[in-house]
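Worksheet: the structure to be examined is printed underneath.
The values are calculated or read from the model by the stated rules, or taken from the named source; none is laboratory data. These numbers come from a predicted model, not from an experiment. Cβ: placed from backbone, ideal geometry, glycine included. Neighbour counts: every protein chain shown. Surface accessibility is based on the protein's heavy atoms, side chains included, excluding ligands, DNA and RNA. Shrake-Rupley method; radii C 1.70, N 1.55, O 1.52, S 1.80 Å.
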Amino acid sequence: MEVRGFTDEQGALVAKSWNVMKKNPGEHGLKIFDVAPAAQNMFSFIKDSQIPLDQNPKLKAHAVFVFVMTCETAAQLRKTGKITVEDRHLEQIGATHLKKGVTGEHFEVAKSALLETIKEAVPEIWSQDMENAWAEAYDQLLAAINSQIIKPPS
Ligand code: HEM
């Protein structure tokens, strides 16, 4: 899929911060529930679980998905100017979220949580440009997922 430009510098900023964060990726990503507690009920493995949120391995895995996919998107955009995740995979992700009732609003909250998490995780190297680079990669990933949900008539 062709997308808007993403500079080498932006790609480097995402890679630099992820290199620090990936040592402990499961620690990041629970903030979304501070802002949107109701979103907890969307996750089948949280709803009836007695495990505290911050110890739930599947929830940690989901947070890592979001980080890794955004980071990979940035790397792909930097290298090829395109998102190269297979359409089939994006379509499946789109379908799962649609089925679970995840809306644009949740994706926006998750984006803020992601950006806030990065700021807290790497304060010594954080910059506004770094935040903008992550935001751009996330927006483009989301646009790619959304483009698979609402298929244009062929
Ligand atoms: C499942 C990625 C944002 C809620 C999944 C899966 C992936 C994924 C790879 C599992 C594969 C599948 O079944 O299709 C992402 C990415 C996101 C994102 C890359 C952001 C760009 C969100 C947000 C929410 C959410 C914002 C809601 C607050 C869920 C739920 C499931 C899921 C409820 C199903 C879990 C279950 O089995 O109960 N996501 N996700 N996701 N995601 Fe996300």
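Numbers below:
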{"read-out": "Residues (away from the ligand (no atom under 11 Å from the Cβ) and hydrophobic (A, V, I, L, M, F, W, C)) located in the stretch 76-99", "value": "LEU77, ILE83"}
{"read-out": "Residue check, LYS58 among the basic types (Lys, Arg) and within 9 Å of the ligand (Cβ to nearest atom)", "value": "yes"}
{"read-out": "Neighbours by Cβ (under 6 Å, 6+ apart or cross-chain): first from the stretch 82-99, more than 13 Å from SER147 (Cβ to Cβ); second surrounded by 13 or more Cβ atoms within 10 Å (Cβ to Cβ) and of a type in the set (Ser, Thr, Tyr)", "value": "none"}
{"read-out": "Residue selected from the stretch 1-16 under the condition aliphatic (A, V, I, L, M) and touching a Lys or Arg at 6+ places or on another chain (Cβ under 7 Å), by the criterion modelled with the highest pLDDT", "value": "VAL3"}
{"read-out": "Hits in the stretch 100-136 (condition: free of Cβ contacts under 8 Å to residues at least 60 places away in the same chain and away from the ligand (no atom under 11 Å from the Cβ))", "value": "LEU115, LYS119, GLU120, PRO123, GLU124, GLN128, GLU131, ALA135"}
{"read-out": "Per-region count, the stretch 137-154, residues of a type in the set (Ser, Thr, Tyr) and more than 10 Å from the ligand (Cβ to nearest atom)", "value": "2"}
{"read-out": "Hits in the stretch 41-58 (condition: modelled with pLDDT of 80 or more, outside any helix (DSSP H, G or I) and open to solvent by 50 Å² or more (accessible area, probe 1.4 Å))", "value": "GLN50, ILE51, PRO52"}
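Every residue, every condition in (1) open to solvent by 30 Å² or more (accessible area, probe 1.4 Å); (2) not in a helix (DSSP H, G or I), yes or no:
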{"position": "ALA74", "(1), (2)": "no, no"}
{"position": "VAL85", "(1), (2)": "no, yes"}
{"position": "LEU90", "(1), (2)": "no, no"}
{"position": "SER112", "(1), (2)": "yes, no"}
{"position": "GLU120", "(1), (2)": "yes, no"}
